[in-house]
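A quick write-up on the structure given underneath.
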Amino acid sequence: MKKWPIIIAITVVCSMSIGLYLGKLLVPDLPVGTVVAGIIGSVVGVGIVFGTIKFREKRKGDNVPDVDERTWVNIKNFYALSLYIALFGSMLLVCVLFAIGVETIEIGALSIYLLALFMLIVVGTFVVKRK
C-alpha cells in the first residue's frame, strides 16, 4: 500500500481531533463523551477502511483492475443523475413543507433525511459499480 492514503488518514484524524478540541473550548457545555466519541469514531472509521483495503489486496491475486472506463462513466452518470434528483427532491420537499405551513425543521429530522439520502447514494454506487 502506498504512503499517501496513510498520510491523508492521519491528517483527517488529527484535523478532526483539533476541531473537536476547539469545539470543546468554544462550547464549554459540550460533554467530554461527545469529543471522545468523535475522535474514536474517526480513528475506527479510518481503521475499517484500511482493513478492508488490506483484506481486498490479500484476497485478490491478479492485477486486473476492479473498474474500467465504462464503470467510471456509469458511476459519473449515476452521481450526476442522483445529484439532480436529490436537489430537486429536497427543493420539492421544502416547498411542500412550506405549503403545509411548517415554519421550522427539526435538526434530528434533517440529519435522518441526509443519512438516508447518503445511504441510498452509497447503495446505488455499489449497484452501478457491479453492472
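The values are calculated or read from the model by the stated rules, or taken from the named source; none is laboratory data. Here the structure is a predicted model, which means the values were calculated and not measured. Glycine also receives a Cβ, built like all others from the backbone with ideal geometry; neighbour counts cover every protein chain displayed.
For this structure, a couple of remarks:
- Residue within the range 48-66 that is small (G, A, S) and in contact (Cβ under 8 Å) with a residue 24 or more places away in the chain present: no
- The condition (being outside the structural domain of K129 (by TED's automatic domain parsing), among the β-branched types (V, I, T) and closer than 30 Å to V13 by Cβ) is satisfied by just one residue among I75, I48, I107, I112: I48.
- The set of residues in the range 69-91 that are loosely packed, with under 10 Cβ neighbours inside 10 Å and closer than 12 Å to K129 by Cβ contains only R70.
The rows are residues; the columns are (1) of a type in the set (S, T, Y); (2) over 23 Å from V122 (Cα atoms).
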{"site": "T11", "(1), (2)": "yes, yes"}
{"site": "S15", "(1), (2)": "yes, yes"}
{"site": "V27", "(1), (2)": "no, yes"}
{"site": "A37", "(1), (2)": "no, yes"}
{"site": "V44", "(1), (2)": "no, no"}
{"site": "I48", "(1), (2)": "no, no"}
{"site": "K54", "(1), (2)": "no, no"}
{"site": "E57", "(1), (2)": "no, no"}
{"site": "T71", "(1), (2)": "yes, no"}
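- Within the range 103-123, the set of residues being exposed (fewer than 11 other Cβ atoms within 10 Å of the Cβ) and outside any helix (DSSP H, G or I) comprises E103, T104, E106.
- Taking the criterion of being surrounded by 13 or more Cβ atoms within 10 Å (Cβ to Cβ) and under 17 Å from the mean Cα position of the chain (by Cα), the residues of the range 5-27 that qualify are P5, A9, V12, V13, M16.
- Residue list for the range 109-130, filter: modelled with pLDDT of 90 or more and over 17 Å from the mean Cα position of the chain (by Cα): none
- Meets criteria (in a loop (DSSP other than H, G, I, E, B), at negative phi and at pLDDT 85 or above) for V67: no
- Residue under evaluation L30, criteria (1) part of a helix (DSSP H, G or I); (2) surrounded by 13 or more Cβ atoms within 10 Å (Cβ to Cβ), criterion not met: (1)
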